[in-house]
Amino acid sequence: MKTIDFGNKPFGTKIQLTKGGDFFEIYIPPYEYYLSIFFMLPFTFFWDGLLILIIREQIRSPDNNVSLLSLLPLLAIGILLVYACLFILFRKTHVRIDRHEISLTKTLFGRQVHRKTAIPKREITNLTFFPSYADRDSDGDFVTRSAALKCEAETEYISICAPWGHRLFDTARGVVKTEAEVKWLADEISEWLDKPLTIFEYRSR
């Protein structure tokens with residue numbers, strides 16, 4: 001087992017491809033420059049800092065039991081914000097193809113988070129590359145779509161996309177930095193699965 005440095009690997013990418021005798025694995029490191037973190041971190045510090053001050057005051061209150069219980073929903077939001085920041089900054093994504101299936105898992109500090117998404121190889125129906133796209137919709141609003149690779153079965157899918165092409169906690173998507181990385185991984189997965197890669201063509205309005 002060894003990490004392969006393919007000839008068409010995009011310059012500067014930190015993604016690692018590993019090939020064994022009967023498996024192929026993609027390691028996608030955290031996407032460090034995810035833009036939302038610059039908004040989420042200050043808000044998280046503000047929210048949790050304010051919540052700590054409120055809790056301190058409520059503890060000093062003579063009727064603190066009722067007051068503290070009323071703060072539980074706010075405390076849950078604070079914990080979720082901290083988790084979201086850690087997830088953005090430190091999550092790692094692994095895509096693995098073996099003799100039986102293609103699967104995507106996400107880990108945080110070495111522990112799996114969310115459920116593993118897996119598709120049996122025999123059930124894969126489409127392997128499609130979606131280039132990045134910018135146009136106006138029917139309402140005249142400017143719409144952009146990030147590049148993405150989608151591996152589909154009838155009821156499941158696994159996707160690798162560039163930024164802005166996903167929901168934060170989507171368990172079936174891995175996020176990379178550039179369209180070149182998506183295209184590179186699309187070619188490698190297509191070759192390993194021995195399935196043709198379809199290039200989706202957008203129609204301009």
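The values are calculated or read from the model by the stated rules, or taken from the named source; none is laboratory data. As the structure is a computational prediction, the values presented were derived from the model and not from experiment. Don't worry about glycine lacking a Cβ; one is built from the backbone with ideal geometry, like all the others, and counts go over all protein chains shown. The protein model used for the area step is the full one, side chains on, heavy atoms only, and it has no ligands, DNA or RNA in it. Shrake-Rupley method; radii C 1.70, N 1.55, O 1.52, S 1.80 Å.
What's the total number of residues in region 126-136 that are acidic (Asp, Glu) and surrounded by 14 or more Cβ atoms within 10 Å (Cβ to Cβ)? Total satisfying the criteria: 0. Taking region 70-125 and the strands (runs of 3 or more DSSP E) fully enclosed by it, the elements with 2 or more residues that are more than 30 Å from LEU50 (Cβ to Cβ), open to solvent by 40 Å² or more (accessible area, probe 1.4 Å) and among the charged types (D, E, K, R) are at 91-97, 111-120.
State all residues of region 148-180 that are among the hydrophobic types (A, V, I, L, M, F, W, C) and modelled with pLDDT under 80; if no residue qualifies, say none.
Of region 148-180, the ones among the hydrophobic types (A, V, I, L, M, F, W, C) are 148-149, 151, 153, 158, 160-162, 164, 168-169, 172, 175-176, 180.
Those that are among the hydrophobic types (A, V, I, L, M, F, W, C) and modelled with pLDDT under 80: ILE160, CYS161, ALA162, TRP164, LEU168, PHE169, ALA172, VAL175, VAL176.
Selection of first residues in region 131-159 that are closer than 30 Å to GLU191 by Cα and of second residues that are at pLDDT 80 or above and of a type in the set (Lys, Arg), restricted to Cβ pairs under 6 Å at least 6 apart or on distinct chains, gives the following pairs, ordered by first then second residue: TYR157/LYS150; SER159/LYS150.
Can you name the residue in region 122-132 that is of a type outside the set (Asp, Glu) and more than 22 Å from the chain's Cα centre (by Cα) and is also farthest from PHE23 (Cα to Cα) among such residues?
Initially, region 122-132 is screened for residues of a type outside the set (Asp, Glu), giving 122, 124-132.
Of the ones still in play, those that are also more than 22 Å from the chain's Cα centre (by Cα) are 122, 125.
Details: ARG122: 15, THR125: 20 Å.
Only one residue tops the list, namely THR125.
Considered as a group, the residues in region 13-35 that are at pLDDT below 80 and not aromatic (Phe, Trp, Tyr) include one that is nearest to SER103 (Cα to Cα), and that residue is GLY20.
Considering (1) under 23 Å from TYR27 (Cβ atoms); (2) at pLDDT below 85, the lone condition that LYS183 does not fulfil carries the number (2).
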